[in-house]
Structure formats: C-alpha cells, structure tokens
Amino acid sequence: MDQRLAELLRLLELERLEINIFRGESRDIGSPQVYGGQVLGQALKAAYGTVDGGRDVHSLHAYFLRRGDFNAPIIYFVDRSRDGHSISSRRVTAVQHGEQIFNLSASFQAPESGLEHQQEMPQVPPPEGLPEALPLSAAQVERLSPRLRQFMSNRPIEFRTVSRALPGGEAGPPRQQLWMRAVDRLPDDELLHRCLLAYASDFNLLGTALATHERELAASRFLIASIDHTMWFHRPVRIDDWLLYVTDSPSASGARGFARGSIFARDGRLVASTAQEGLIRELSPADGQRSQP
C-alpha cells in the first residue's frame, strides 16, 4: 500500500484504554494545529468502536472547540447515548491537556429499504487528465510553511480540479467541483471508507468560501478556523474510487463563512452531503499573537 495512505490508516487505529475511552496520536504536518479532518475521522472511529456490527453512520455533527496539539495524544470519551431497534446514537468528546478540543454527535443505522430519490450529478469531465487541486486559495498557499505546503502536495487523498471559484465573486456564490480519491486501493470495509470520507471532506469546504476572496486574503492577515462540520451519509461509498465533490458557499458574514457540499460516486450516486461554517476574521496588528477563535 502507498506509504501516505498506510500512515493515515495508522492514525485511525485508536488504542482502547477502557470500554468507552480511546487514545489517538497525531501527525505534525507543519500546521499550527492538528488537522481537523484527522480529529473528525478519529472521533468517528471511536464511536464506531462502541456500536454493534451491522450499523453504519448516517449522520454526524461536530464542533471544533480548541486547536489540537499534535505533540500530545488525544483522548476520546464515548457516551453511548442510545441503542434503539435500528438506530444507535453516540456522543464523543475529544480532550487534550484537561480541556475539550472537539465534540461529535453521530447516529448509526442498520440497513433498511425505503423510498429513494436524489439530485442529479453534474455533467463534468472525467478526472483523468485534469490538473491537481489544492484545498486553499493561492494567497493562502503562499503563506503556508514549507512543511505544510509539502503535505498539501503529497497527501493520502488526491484531488483534481474540474472548476474553481474565481476571485471577486461578482458572478454569484463561489462554487467548486473537484474529483477526489485515496491514492491506493483499500480493504472492503464500509466503516473504514466512511471514516476516511469524513477525514477527506474537511479539505475543501471552507476553501470554497475563501476562494472568491483571494484579493482580500492577499492584502491582509486573517484568522481562519473551522467552527463546525456536518455530514450525512446516504449510500455505500468507496473512497478509493473517484468521487466528485461539488461545493458552494451561499454566504459569508459576521467574520464567518458557510459552505456546503455534495459528494457523488463516479456512477452518479449521491453518497454523502456536507456543511461547514468557519471563522474568517481579519487580524489587526494587535491581534498578531492571537491563536484561538
């Protein structure tokens, strides 16, 4: 298996400390904090560790409370809120240095049949031959540390650009279309694919809200941080096959940006939906040392 993907799978292998308590490690990618998608994927994996087999996550709602420290382990406490006839509910709290850094609510369901419909997948060029995509605006990429810039160009999930928001945003809400997939083949494990999709879904959402403001971002310093993240899983998914991630940002106001996304399998099935709000706060010279939202 590709080394980048193997390392990501190791990050998702949590140590069980007690029946409902898990410990996860982090990777220093050159950013000031732990990548949010890593905490999201680990928290979901911890919740899965308390759910009987046969039930898969169908929705999750998460809040990022504090920056994660990649030099310290993250402890995940799972509350078994309810186990019903077909649905299980879990709450996960991630703690470092005695403080909550993240919390997650997730719901798991046994397979059932029922009514079906979905929006159509946009007609887009296939991923082969399309250019590689970066999840941040050009202005933001320029400000990355060399180590983080290297990670962005050598990730375990690859992205290809179909279309990208243009600076200025005069034409309407910013929108992006990206193909994405894991860089190597993965085992046939729905749990694993959903956890990895949660990990990957954080890469480009807030970037959609930022992309249309490249000129403002280049001219000033901003504090940018995810506040919350929501996902709904509609159908079985394989993240080692190409997925189309269609995102748009209907609004930015109050120093916050909002973005939402639809994730399609290559055969046109809508497999998941996402939404995220993030802080986009312009910093004054006096805010130079500010490190928390």
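For Asp241, nonlocal amide neighbours, meaning residues 5 or more places apart or on other chains whose placed amide H falls under 5 Å from its own, are Ala182. For the chain, the Kirkwood estimate of the hydrodynamic radius, built from every pair of different alpha carbons, is 19.6 Å.
No lab work stands behind these numbers, since they all come straight from the coordinates. Here the structure is a predicted model, which means the values were calculated and not measured.
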